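S.K.: A single structure is presented below for examination.
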Amino acid sequence: MREFLLHKKITFTVRDFFSDPFGQAELCKLLKGKSPKEILSVRSPSIKSLGLDLATISDESLIEIMIKEPRLLRRPIVIINGVIVAGANEKTLLGLLD
């Protein structure tokens with residue numbers, strides 16, 4: 001992803017949210033009222049190990065858990081023109097850049 005952005009001459013900031021985790025207010029601001037399930041890594045083994053029931057968990061609880069367990073965040077998280085894209089790939093980014 002980094003190479004793609006550099007090739008397109010797009011300025012970006014890299015953040016390792018394992019060493020620099022999101023706070024609750026920051027994650028809520030990032031989501032802009034959307035469900036945290038939109039940035040949830042549903043394939044993360046942490047979902048099973050934590051015993052999360054995604055059908056019944058509240059957004060507030062899921063945010064709290066994501067803050068404690070950043071492996072639940074789908075990566076990379078890219079924000080272009082205010083649009084958040086979790087798990088972005090080159091094709092998706094090209095659509096947002098046009």
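Only the coordinates and a few stated rules stand behind these numbers; no lab work does. A quick note: this is a predicted structure, and the numbers were derived from the prediction, not measured. When we count neighbours, we look across all protein chains shown, and the Cβ atoms used for this are built from the backbone with ideal geometry, even at glycine.
S.K.: List the residues, sorted by chain then number, that are 5 or more residues from residue 77 or on another chain and whose placed amide H is less than 5 Å from its amide H.
M.R.: Hits under the 5 Å cutoff: 87.
S.K.: Can I ask one more? What are the ³J(HN,Hα) couplings of region 8-22, residue after residue, when phi is run through the Karplus curve with 6.51, -1.76, 1.60 and θ = phi - 60°? Round to Hz, x for glycine and proline.
M.R.: 7, 6, 9, 6, 8, 10, 9, 9, 8, 7, 8, 8, 10, x, 6
S.K.: Using the Karplus curve 6.51 cos²θ - 1.76 cosθ + 1.60 with θ = phi - 60°, work out ³J(HN,Hα) for each residue of region 80-85 in order, rounded to whole Hz, and write x for Gly and Pro.
M.R.: Coupling constants for region 80-85: 10, 6, x, 9, 8, 10 Hz.
S.K.: Lys/Arg Cβ at +1, Asp/Glu Cβ at -1, dipole of the chain taken about the Cα centre: which of 88, 61, 72 is farthest positive-ward?
M.R.: It is 88.
S.K.: What relative contact order, as a whole-number percentage, does region 2-97 give when Cα pairs under 8 Å and 6 or more residues apart are counted?
M.R.: 28 percent
S.K.: As a test of understanding, state the convex hull volume per residue of region 2-97 from its alpha carbons, in Å³.
M.R.: Dividing the Cα hull volume of region 2-97 by its residue count gives 112 Å³.
S.K.: Give the order of 18, 4 when sorted by the count of other beta carbons within 10 angstrom, beginning with the fewest.
M.R.: Fewest-to-most ranking of 18, 4: 18, 4.
S.K.: If you place +1 on the Cβ of every Lys and Arg, -1 on the Cβ of every Asp and Glu, and leave all else neutral, what size is the dipole of the chain about its Cα centre, to the nearest 20 Debye?
M.R.: My answer is approximately 280 debye.
S.K.: With springs only between Cα atoms under 10 Å apart, run a GNM on the chain and tell me which of 31, 72, 50 wobbles the most.
M.R.: Highest fluctuation among the options: 50.
S.K.: In the Gaussian network model of the chain, springs joining C-alpha atoms below 10 Å, which of 86, 55, 25 carries the largest mean-square fluctuation?
M.R.: 55
S.K.: Same structure again: What length, rounded to one decimal in nm, is gained on full extension from residue 90 through to residue 16, with 0.36 nm per residue of separation minus their alpha-carbon distance?
M.R.: Working it through step by step, the gained length comes to 24.6 nm.
S.K.: Then there is this: Take the eigenvalues of the Cα gyration tensor for region 51-98, scale each by 5, and report the square roots as semi-axes in whole Å, largest first.
M.R.: The equivalent ellipsoid of region 51-98 has semi-axes of 27, 10, 10 Å.
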